[in-house]
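This report refers to the structure that appears directly beneath it.
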Amino acid sequence: MQTFISVETVRFHLEDKNKLIVQYVYRGDEPEANKLRIFLDDNELTYEVQEYSGIDVSQRYARYAIGISKEYYALVTLPKNYTDYKKFTLKIDNSTSMIKIGELKISDIIKKQDSVDYCIDNIAINDKNEIDIRGWYISKMPADIQICDENGNKIDVGIKYSYRNDVTQAYKETSLEGKYGFEIKTVPFIGKTLMIMIQCGDDCTKKNFTIKEIKNFSNSGKINIRHNASKAYRYMKHHGMKRTLKKVYAKVFKVNLNDYTKFVKKHQPSQAEIDRQRQTKFEYEPVFSIIIPLYKTNKKFLAELLESLISQTYGRFEICLSDGSGDKTILKDILEQYKQKDSRIKYIQLDKTAQISENTNNALRLATGDYIVLCDHDDLVPEYALYECAKAINENRNIDILYSDEDKIDMEGKKYFEPHFKPDFNIDLLRSVNYICHLFVAKKTIVDKIGGFRSEFDGAQDYDFIFRCSEQAECIYHIPKVLYHWRAHIDSTAENPESKLYAFDAGRRAIAAHLERRGIKGHVTDGAFYGIYRTHYDIIGEPKISIVIPNKDHIEDLYKCMNSIITKSSYKNYEFVIVENNSTEKETFEFYEKIQKEYDNVKVLYWKDEFNYSAINNFGVKEADGEYILLLNNDTEIINDDCLSDMLSICQREEVGIVGARLYYPDDTIQHAGVVIGFGGIAGHTFIGQPRFEPGYFARAMCTQDYSAVTAACMMTKKSVFEEVGGLTEEFKVAFNDIDYCMKVRKLGKLVVYDAFAELYHYESKSRGLEDTPEKVARFNSEIERFRDRWEDILEKGDPYYNPNLTLDKSDFSLREY
């Protein structure tokens, strides 16, 4: 088993300021095999270890996507004279060597001893120079939070406190249950700085903000300012000491362990494999027509491209070139030279300058092969590309379209970078961005049927072409290998998007034209970045949405959840179905009576049995009147007014069975942006902990797209589909019921769509409490095994909406280590 160790924080015990807590997680062999050792200078300290496990631990560390289910507290009692020392050092002893993984100055520890643990989750400024602040603190003593101007004068503000279950769960040495979250709105910013002061008894922490820091905070989405806790020291050791040393080296010298250059070398076929490919005879040997439009092409780049093509290990192809430069003398010599060198090369030189679509269509007219391959005039194709295409076609003769992964190559043709490892065909992602690009291969019969390229989409003519080909295809196959190298230079949209703004407008129009051909009513707008789009679907009629919310006490959270919909949602035809389960507080039942009297679209159902998330939701759906069901956690809060309407517009599509949302932690980092089967050994959320406004791997966090699953913390589905698959599987009482439901719906042939524009805060399972008893941990483990048994096939083959070249150990789509 791979070994993973991460020291999350070093902080003082909340109830005993003579003790430091080293809070860390571990996954691997027995912890004694990689023992944590703690030193004051050269003097080793003893410590007591406390172990914690359960669902809350698994959820908190889901960002690592490796199935962490335990966390450890090393409780270190500091000697009275600890201030006489200089360094507090953490090391790992794996019996063969000892490696330092973290170090704090004693002077820094002294400063932290009398300060308050706190975090500013978000701070934003509006055009009136008013500040909104949201964060948390933790202390046994109540907090006096003050905002002061640069002269230390107190500013009168209103402070709203709230429960932060995520915070109290992270401080297990105490049983605090107070309201530790705070929100301060419309603070006037006067002068050059603003000070936040948090006083808890004798402990006090102060933090000054400049206007620049606040604006940077707003633009980036997150600056995590956390006091009385050291920086998180990360230590990873994979497959023994060799990788441990590599990781330490990487941390010190800022080296990327997942260096793509090394990846390329490791995955290139050996010379023996290249020779074997050249000797291979397939049962079916299709002819590939490689289409290349030329326009005043750099002769060096063109020669390199042609050399990469004529050296292909699969030899049944033709190269069809059209020169639309307008001046035949520019490329005549090199074209004739290569035509004489290889008889598979054909070319035509046009009498006048031709735009890209006209030029490409002229090259198409030269094609006589079985499949059309698109290629730009200055890129490179690895010598095994056509072999891989022929191999795939022989394995499945029904393939109409092929596409592959790709990367970029520098101007010298030496350095490969920015690999794009793509999912299998993903129509919703394609309606968000042209993720297919290269290498693209289509049956010539399809290309003939659609009529080639259209000049009105010049700049995104390939995007339009891909849409029209895909509309005619029954089988679209993705080869998860890099079979195309896209040369990046200053005039290419690969590197400088502002150089071709017209191309992005053409892309938007290409999507709109695709929708029109498919008879889909809607429109397309630009996304957050160039080349990223948002497809809006028209809502048909005004169907009712039944919002099913299980609830146990925590009426403040339930009210916040419901009120956000009541006050913000632009879509109004909905009902709330509150499924009460095992509440104990009198105020809860009084609240139920009040909201049913106040709103005629609220019904409260009473679940009498033990907690079973699946059964509770099934019970609620059975009593729901809506045509569409929104399963919603009571600890969520919608952000945008079109949240429900956007989810509904997607869910109404015939081919869609489920729609999920984009969820954030209270600190504006991502909690959910889709689910990948295989993360952490079972399934996990993508992009966990990534700042809200970061696009993610090839902007996938910001693109609506198809996934294998989404979380039921906010999940819309057709009631008819829910009933057809038998609802949530009740054997999954707590965990994986939503993933299992998605898998059942996908088995019907329906899509599961992640809606990147339905945004909510998710405050994490407050009603249910901790999964920290032996019985609950055993149940959790049994549900893991049940999921493995039910969905063994996809766990073995891999998630089609992910890519086998990407890691399952983290949620950020980084390269897989082999």
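Look at where the Cα atoms of the stretch 423-450 and of the stretch 285-309 average out, and the two centres are 21 Å apart. For the chain, the longest principal axis of the alpha carbon atoms and the long axis of helix 586-598 meet at an angle near 50°. Label sites at Glu456 and Lys192, each approximated as a point 7 angstrom past Cα along Cα to Cβ, lie 5.9 nm apart.
The stretch between Thr353 and Glu213, if pulled fully straight at 0.36 nm per residue, gains 45.2 nm over its current Cα-Cα span.
Excluding ligands, DNA and RNA, the accessible surface per residue across the stretch 259-398 is 47 Å² with a 1.4 Å probe.
The relative contact order of the stretch 298-378 comes to 40 percent, based on Cα pairs under 8 Å that sit 6 or more residues apart.
Solvent-accessible surface of the stretch 404-535, averaged per residue with a 1.4 angstrom probe and all protein chains in place: 41 square angstrom. Excluding residues fewer than 8 places away in the same chain, name every one of the aspartates and glutamates whose C-alpha is closer than 15 Å to that of Lys160. The reachable aspartates and glutamates, counting only those whose Cα sits under 15 Å from Lys160, are Asp121, Asp132, Asp144, Glu183, Glu556, Asp557. Counting only Cβ charges, +1 for Lys and Arg and -1 for Asp and Glu, the dipole size of the stretch 555-642 around its Cα centre is about 120 debye. Taken about its Cα centre, the stretch 82-199 carries a charge dipole of roughly 320 debye when the Cβ of each Lys and Arg holds +1 and the Cβ of each Asp and Glu holds -1. Annotation for the stretch 112-146: trypsin sites (Lys or Arg not before Pro) lying in DSSP loop with at most 10 further Cβ atoms inside 10 Å of their Cβ are Lys128. Model label points for Thr368 and Leu176, set 7 angstrom from Cα along the Cα-to-Cβ axis, are 8.0 nm apart. Can you give the angle from 0 to 90° between the axis of helix 241-253 and the longest principal axis of the chain, with both taken from C-alpha atoms, to the nearest 10? Rounded to the nearest ten degrees, it is 90.
In the chain, a dipole from Cβ-located charges (positive for Lys and Arg, negative for Asp and Glu) runs towards its positive end, and of Leu386, Thr313, Val659 it is Thr313 whose Cα lies farthest in that direction.
Annotation note: trypsin sites (Lys or Arg not before Pro) in the stretch 599-633 located in DSSP loop regions with a Cβ neighbour count of at most 15 within 10 Å are Lys608. Going through [x] 38; [y] 63; [z] 33, the figure that equals percent of Cα pairs over 43 Å apart as computed for the structure here is [x]. Projecting the Cα atoms of Pro269, Gln340, Ile330 onto the charge dipole of the stretch 252-356 (Cβ charges, centred on the Cα centre) puts Pro269 farthest toward the positive pole. Determine the relative contact order of the chain: mean sequence separation of Cα pairs under 8 Å and six or more apart, normalised by residue count, in whole percent. Reported relative contact order: 11 percent.
Here each label is just a point 7 Å from Cα along the line to Cβ, and for Glu283 and Ile540 those points are 4.2 nm apart. Only the Cβ atoms of Lys and Arg (+1) and of Asp and Glu (-1) were treated as charged; on that basis the dipole of the chain about its Cα centre amounts to roughly 2020 debye.
What the Cβ-Cβ distance of Glu51 and Glu471 gives, at R0 = 60 Å and to the nearest 0.05, is a FRET efficiency of 0.60. Cross-link pairs exceeding 23 Å between alpha carbons, from the set Lys339/Lys414; Lys140/Lys179; Lys140/Lys206; Lys391/Lys443: Lys339/Lys414. The GluC sites (Glu not before Pro) of the stretch 355-464 that DSSP puts in a loop, and whose beta carbon has at most 13 other beta carbons within 10 Å, are Glu412. The packing ranking of peptides 537-546, 290-299, 440-449, highest mean first, is 290-299, 440-449, 537-546, where packing means the average number of other beta carbon atoms within 10 angstrom of each residue. If you plug the beta carbon distance of Asp156 and Ile566 into 1/(1 + (r/R0)^6) with R0 = 41 Å, you get a FRET efficiency near 0.85.
Seen from Ile291, the other residues with C-beta closer than 11 Å to its C-beta sum to a net charge of 0, counting Lys and Arg as +1 and Asp and Glu as -1. Accessible surface area normalised per residue over the stretch 694-739 is 27 Å², counting heavy atoms of protein chains with a 1.4 Å rolling probe. Of all aspartates and glutamates in the structure, those lying under 14 Å Cα to Cα from Lys87, and not within fewer than 8 positions of it along the same chain, are Asp41, Asp42, Glu44, Glu103, Asp108.
Report the calculated FRET efficiency for Asn129 and Thr329 (r = Cβ-Cβ distance, R0 = 56 Å), to the nearest 0.05. The pair Asn129/Thr329 has a calculated efficiency of 0.35. Compared with the dominant principal axis of the Cα atoms in the chain, helix 501-517 is inclined by about 90°. Which stretch or stretches of the stretch 450-465 have amide N atoms under 20 Å from the point lying 7 Å from Asp505's Cα along the Cα→Cβ direction? The answer is 454-465.
Each of Thr89, Ala673, Ile120 was scored by the projection of its Cα onto the charge dipole of the chain, and the greatest displacement toward the positive side belongs to Thr89; charges sit on the C-beta of Lys, Arg, Asp and Glu.
The values are calculated or read from the model by the stated rules, or taken from the named source; none is laboratory data. These numbers were taken from a predicted model, which means no experiment stands behind them. Cβ coordinates were reconstructed from backbone atoms using ideal geometry, including for glycine residues, and neighbour counts include every protein chain displayed. To get the accessible areas, we keep the full protein, side chains included, count just its heavy atoms, and leave off ligands, DNA and RNA. Shrake-Rupley method; radii C 1.70, N 1.55, O 1.52, S 1.80 Å.
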